[in-house]
1. Rounded to whole Å, give me the distance from the Cα center of region 457-506 to that of region 286-345.
2. If amide H atoms are built 1.01 Å from N in the plane of the peptide, which residues on other chains or at least 5 residues away come under 5 Å of the amide H of residue 440?
3. In Å², what does the accessible area per residue of the chain work out to with a 1.4 Å probe?
4. Counting DSSP beta bridges with both partners in region 475-596, what percentage is antiparallel, nearest 5?
5. Would you mind telling me the share, in percent, of accessible area of the chain contributed by carbon and sulfur at probe 1.4 angstrom?
6. Per-residue HN-Hα couplings for region 606-616, Karplus 6.51 cos²θ - 1.76 cosθ + 1.60 at θ = phi - 60°, whole Hz, x for Gly and Pro?
7. Any aspartates and glutamates with Cα under 16 Å of the residue 356 Cα? List them, leaving off those in the same chain fewer than 8 positions away.
8. Can you give the net charge of the other residues whose Cβ lies under 9 Å from the Cβ of residue 566, counting K and R as +1 and D and E as -1?
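The values are calculated or read from the model by the stated rules, or taken from the named source; none is laboratory data. The model shown is predicted, which means the values in this text are computed figures rather than measured ones. Positions of Cβ are generated from backbone atoms using ideal geometry, with glycine treated the same way; all protein chains shown enter the neighbour counts. Accessible surface is based on the protein model in full, side chains and every heavy atom, while ligands, DNA and RNA are left aside. Shrake-Rupley method; radii C 1.70, N 1.55, O 1.52, S 1.80 Å.
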Amino acid sequence: MTESNGSDAPDRADHQTERVEQGAGMPDWEKRFRAPRVSLPDWAEDAPDRSLFVSNATGTYELYAWDRATGEQRQVTDRPNGTTDGVLSPDGEWIWWFDDKDGDEFGVWRRQRFPGGEDELAAPGLDPSYPAGLALGRDGRTAVVGRSTDEDGTTIHLARTGEAPVEIYRHRESAGVGDLSHDGSLIAVEHTEHGDAMHSALRVLRPDGTTVAELDDTEGGTRELGLEVLGFAPVPGDTRLLVGHQRRGRWEPLVWDVATGEESDLALELPGDVSAEWYPDGTGLLIAHGFEARGELFRYDLAERRLEKIPTPRGAVSGATVRPDGSVEYLWSSAAQPPAVRSTTGGVVLDPPGMKSPGSVPVEDVWVEGPGGRIHALVQKPAGATGPLPTVFDIHGGPTWHDSDSFAAGPAAWVDHGYAVVRVNYRGSTGYGRAWTDALKHRVGLIELEDIAAVREWAITSGLADPARLVLTGGSWGGYLTLLGIGTQPDAWAVGIAAVPVADYVTAYHDEMEALKAMDRTLLGGTPEEVPDRFEASSPITYVDQVRAPVYISAGVNDPRCPIRQIENYVKRLESRDAVHEVYRYDAGHGSLVVDERIKQVRLELAFAAKHLPAP
């Protein structure tokens, strides 16, 4: 991969010619997956010309180092199943990356020199685990490493080059490393010791593990308010910590001085969820505002308490950072336009060579009255098409996530094949306030399906969707809702397509990673032994004998989130009654980072729907 930013016109023309040649004869839906993409580059705080990003340029998502001073880019990792978890040290000397086995998310941190060289074990003395956060010190030799295992819960260790790691935190409930202060004297930790995995409290530790300060909005678990670490001030000796809170029913930032206890609430007059990061000099904040499936950016001046909008196109801002010169780089896309790393200085910051992705059709916003309030859905359909159309309900995962007006190759592939696509931000989704996100309690899965059913009814009565040709699909939590939906709403769906789903909730609970067990206990109010009726009511396998729609399931055999055994239990039940189904198993974890594999899965899904949907 070579740097194209700032190159001369002939080079850009060469890249365009190369892109055309590489895409010759290939359908647009496949081009969208194959076209090289890059993430928002992360830059070293004390060496800002050194950056780290993720790209699929080789056909597998891997880490890349980028020296902005010379324009040189090089591939850092090269593994069969890809690599996306990487951190650049503040001095720009080291790239840390997480090494698991074939996507199982259980492994160790390794590191490599920024210019290149052999990988080495980054924190000798720490056994393999699930990662629970990482913060690297400015001294070039200190790291705070979070670990999670089924046996120990969460442990946090201080690791220094040439010394044995020292444990500074341990608890059975889930926790994670938040940040390390500029001088390395303060460590912020998010924890759920109160037993509510959806709402974290904060603790600030010294390097010896003693407590400096606590901030807890949960009141021992009796109040469902969460906090998150957004970062220490990037200034020597500064004890201010930027914190996200939910005190007014949505995510907002505040500044907490952990030395004095003083809290400065910004009270921003913005309707949606708000996140923030520091400007490099500590005088202001970059505000990221998400509202109704779209994003926008602001600069907040801390001294003058003034909010100034940063112009960005209408769409989704999926990441942003402030450079030392005060310019802002951000990753932007819309449903119609592919992603690009842009800068407020103008133009595209990082444009990978190779085939260029085709665009797609824009989304339409739909609001539907549901049992828990107004539901926001995003609709795409082939240009010029009129209903009723075969319609795909593509359900997002999470569940604490949301669909947005961002570019997505999967939905665009369905549109290219003549389908309308409906994406529903059901109760449990983020971006619509805390009450909407926290609505998923005890009747897990059933609540989301009530909202999906309301939008389904709208799609039919509006004339968009053909009720005989409705596909329910999704991955992860969306796959779970797909299997639960075709079982509890057997007359509503013609085909079900579930990727890496929860299929047997009890078995999934016992086999999944510890952090997800904690989340399930929070959602359902206990373990399968403590609340068996709730697990039974929310488990797709409970309703498997009611399924009449043909079912397609894909699963990663190394998946620690939706493990394979519980999927096999569900499949055996389908087989026992000769239900129409297909299962595709692949050698990876919770999804694949290999482009060819992802294309293969989409092709199989499209073929399954075409085979089993009735003719119009």
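1. Taking the Cα centre of region 286-345 as reference, the centre of region 457-506 is 35 Å away.
2. Here 428 satisfy the definition.
3. About 39 Å² of surface per residue is accessible.
4. Just about 10 percent of them are antiparallel.
5. 48
6. Going residue by residue, I get 4, 5, 5, 5, 4, 5, 10, 6, x, 5, x Hz, with x marking Gly and Pro.
7. In chain and number order, the partners are 3, 11, 14, 18, 21, 28, 30.
8. -3
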